[in-house]
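Asks: Attaching a single structure in structure tokens format; questions to follow.
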Amino acid sequence: MSKQANAPAAEHDLAEEFLDRSTPLSTIRYLLHRYPAISPAIVLIAAIAVFGSLNDRFLEPSNLSLVSQQVAVVGTLALAQTLIILTAGIDLSVGAVMVLSSMVIAQATVQNGLPAPVGIGLGLAIGLGAGAVNGFLVTRLNLPPFIVTLGSLNVFLALTLLYSGGATVRGGDMPGLLTLTGETFAVGGVNITVGVVMMLVLYVALAVILQGTAWGRHVYAAGDDPEAARLAGISVKRVLASVYLTAGAILAVAAWIQIGRSNAASPNIGIDLNLDSITAVVIGGTSLFGGRGTVWGTLLGALIVGVFRNGLSLAGVDVLWQTFAVGVLIIVAVSVDQWIRKGRK
Amino acid sequence: MSTDSTSRDAPILEATSLVKTFGRVVGLDGASLELYPGEVLAVIGDNGAGKSTLIKCLTGAEVPDEGEIRLEGRRVHFKRPQDSRAHGIETVYQTLAVAPALDVAANLFLGRELRKPGPLGTVLRALDKKRMRRQAKEELSNLGISTLQDVTVPVENLSGGQRQAVAVARAAAFGSKVVVLDEPTAALGVRESRQVLEMIAGLRDRGVPVILISHDMPQVFEVADRIHIQRLGKRAATISPRTHSMTDAVAIMTGAAQESVS
């Protein structure tokens, strides 16, 4: 009986050897597969070259500074999103959590007169709390992350409006610590905000943690093959819960950066950034099926979207066509990703 | 490697009269098993004979309702797979339970990563990748796995046999007392199955006792020192491949022949 079972397997062996023959194209595909940040890096460099040649103003320091500031908030949200997508999840509530957290930070200090560090601490607690709720629903009730965060997105938005009464808190009324993230300093003629630096620090920290600790490996393993991870003795649920908590903390930092960036805390700023964060992750080469991708890819993805929008508007392209272009970019990025995935022999 | 000499030692792993029911379905009906030091014990049986349930009880994936399990003479209670692992029993699953995107060394140490010595490891919890890679290489060459030179290759770039080699190497590296292989060649081709069989023989030669669950009679007769035949939730017999033929084994498996339990 076993002999018969093995017969088709022998053919399979032959097929494998056949596929082993590598062409230049398959070698490229293999490299892109092994180092997923290469393709977004190429796209970013190409985009900068094209927009730079189309319009001289694009590469001016003041414009580069603008791009970096535009990327700071969505880049931070996308970092949290990357962590969750690496576990084969998705978080539709990142924008809502950030807005809720920013309103709590602003109102606690301005309306309730609490010291600024306490306000930021409360904002952090909101982020962690939201992460705990999402994580609990995903790991304990075994609900799909898409459904959980679709629900919590609405809950957090409603809470934001109920809590703030729809009112915007102006940056001028806030203590300086809250708008610190919008302060700029010059590096070689380019004005960099504290918020951009905070975003970069978070990227470096998370990259080191993901690559250099057992927890990081378990995040990848849990998204890659949860059953294999479980059989290897990893508590997948605990890993997932910690991922949602960590993401929540990052969202609270995003809230702080957002306050500095727009010099205000408004219930209406940033709620539409959920999809932008997913866009950055996807363009950055992280697989929506989990286990594959890097935070640097996401940073490149966020920069690509920022460069596209900025470059197109400098070229005088209507904002609707900018959105159109980003949409095409997503579909191209995922198509390329599918093609690369076939590159594992 | 004579069966007769090893059988006289005390069993390293011993299950006595295990009973496990799933609702009204009886999975194990008083099943016993002994594994002696330095042997390869094959477990065969028809579908529904209780092989998997027996193995799951031994590895902590299921908890038996009745009966006892002894490891080196001491009674053990496994509630989760982690419990058996903590006692030095490692299991290789037929599903190639490795994380495809992680490299060979990372998979070998998955869930048991080594940290750097000193505060870098204890406070900052930094991984000691160099040490893990070096030990992974050593482990693979100890097992005679020559096809895996580069331990930094993601497992998804490996063939099925090489992936299973990683899983076997992981079990061998940490299974200090017993290695259990549950249909390790079920997903593999002919050539790859051969590699896994050679690794099983290699494990025995290193003195690690092995339990091999398999459907493949020629494989079983080639590599096993003794063959445990499971039938209707019980042990029907334990036979030696030297004194019994495949036909005998099939007859006992299907109930066409009786054999006294040795």
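What follows is calculated from the coordinates using simple rules that are stated; it is not laboratory data. From a predicted model like this one, the values you see are computed outputs, not experimental measurements. No Cβ is skipped: glycine too gets one built from the backbone with ideal geometry, and neighbour counts run over all protein chains shown.
Asks: Kindly identify region A:60-341 as rounded, prolate or oblate by the Cα gyration tensor criterion: order the square roots of the eigenvalues as a ≥ b ≥ c, call it rounded if a/c is under 1.5, otherwise compare a/b with b/c, prolate if a/b is larger, else oblate.
Replies: Because a/c hits 1.5 or more and a/b fails to exceed b/c, region A:60-341 counts as oblate.
Asks: Can you tell which of B:236, B:201, B:99 shows the greatest fluctuation in a Gaussian network model of chain B with Cα springs below 10 Å?
Replies: B:99
Asks: Amide H neighbours of residue B:43 under 5 Å, at least 5 residues apart or on other chains, H built in the peptide plane: list them.
Replies: The answer is B:212, B:213, B:214, B:228.
Asks: Once amide H atoms are built 1.01 Å from N in the peptide plane, which residues 5 or more positions from residue A:87, or in another chain, come under 5 Å H to H?
Replies: Close amide H contacts, sequence-distant or interchain: A:291.
Asks: Let me ask another. Taking Cα pairs under 8 Å and at least six residues apart, what relative contact order does region A:60-341 come out at, in percent?
Replies: 34 percent
Asks: Quick one: 3J(HN,Hα) in Hz for region A:202-207, Karplus 6.51/-1.76/1.60 with θ = phi - 60°, rounded, Gly and Pro as x.
Replies: 4, 4, 4, 4, 5, 4
Asks: Hey, another quick one. Let me make sure I get this right: for region A:145-256, a, b and c are the square roots of the gyration tensor eigenvalues over alpha carbons, sorted descending. Under 1.5 in a/c it's rounded, otherwise prolate if a/b > b/c, else oblate. Which is it?
Replies: It comes out oblate by the Cα gyration axes.
Asks: Taking beta carbons within 10 Å but only from partner chains, what does the mean come to for residues A:225-237?
Replies: The shielding value for this peptide is 6.
Asks: A further question follows. Which GluC sites (Glu not before Pro) does region B:1-109 hold that lie in a coil by DSSP with at most 11 other beta carbons within 10 Å?
Replies: Within region B:1-109, no GluC sites (Glu not before Pro) qualify (loop, at most 11 other Cβ atoms within 10 Å).
Asks: On C-alpha positions alone, give me the angle between the axis of helix B:190-205 and the longest principal axis of chain B, in degrees, nearest 10.
Replies: Between helix and principal axis, roughly 90 degrees.
Asks: Based on other C-beta atoms within 10 Å, arrange A:38, B:211, B:239 from fewest to most.
Replies: Going from sparsest to densest Cβ surroundings: A:38, B:239, B:211.
Asks: Sort A:199, A:174 by Cβ crowding within 10 Å, fewest neighbours at the top.
Replies: In increasing order of surrounding Cβ atoms, one gets A:174, A:199.
Asks: Roughly what angle does helix A:273-283 make with the longest principal axis of chain A, taking Cα atoms, 0 to 90 degrees, to the nearest 10?
Replies: With both axes taken from Cα atoms, the answer is about 30 degrees.
Asks: Rounded if a/c is under 1.5, else prolate if a/b is larger than b/c, else oblate: which is the protein assembly as shown, with a ≥ b ≥ c the root eigenvalues of its Cα gyration tensor?
Replies: Cα axes put the protein assembly as shown in the prolate bin.
Asks: Which pairs, out of B:79/B:234; B:79/B:177; A:342/B:130, put more than 24 Å between their alpha-carbon atoms?
Replies: Table pairs above 24 Å Cα-Cα are A:342/B:130.
Asks: Where does helix B:160-174 land angle-wise versus the long Cα axis of chain B, in degrees 0 to 90, nearest 10?
Replies: In chain B, helix B:160-174 runs at an angle near 90 degrees to the longest axis.
Asks: Shifting gears a bit: May I ask you to evaluate 6.51 cos²θ - 1.76 cosθ + 1.60, the Karplus curve with θ = phi - 60°, for each residue of region B:119-129 and list the ³J(HN,Hα) values in order in whole Hz, giving x for glycine and proline?
Replies: Ordered by residue, 3J(HN,Hα) equals x, 4, x, 6, 8, 8, 6, 6, 6, 9, 5 Hz.
Asks: Here's a follow-up. Translational D (Stokes-Einstein, µm²/s) of chain B at 25 °C and 0.890 mPa s when Rh comes from the Kirkwood sum over C-alpha pairs?
Replies: D, rounded to a whole number, is 129 µm²/s.
Asks: In addition: For a quick check: with amide H placed at 1.01 Å from N, whose amide H comes under 5 Å from residue B:115's, ignoring anything fewer than 5 positions away on the same chain?
Replies: The list, which skips near neighbours in sequence, is B:128.
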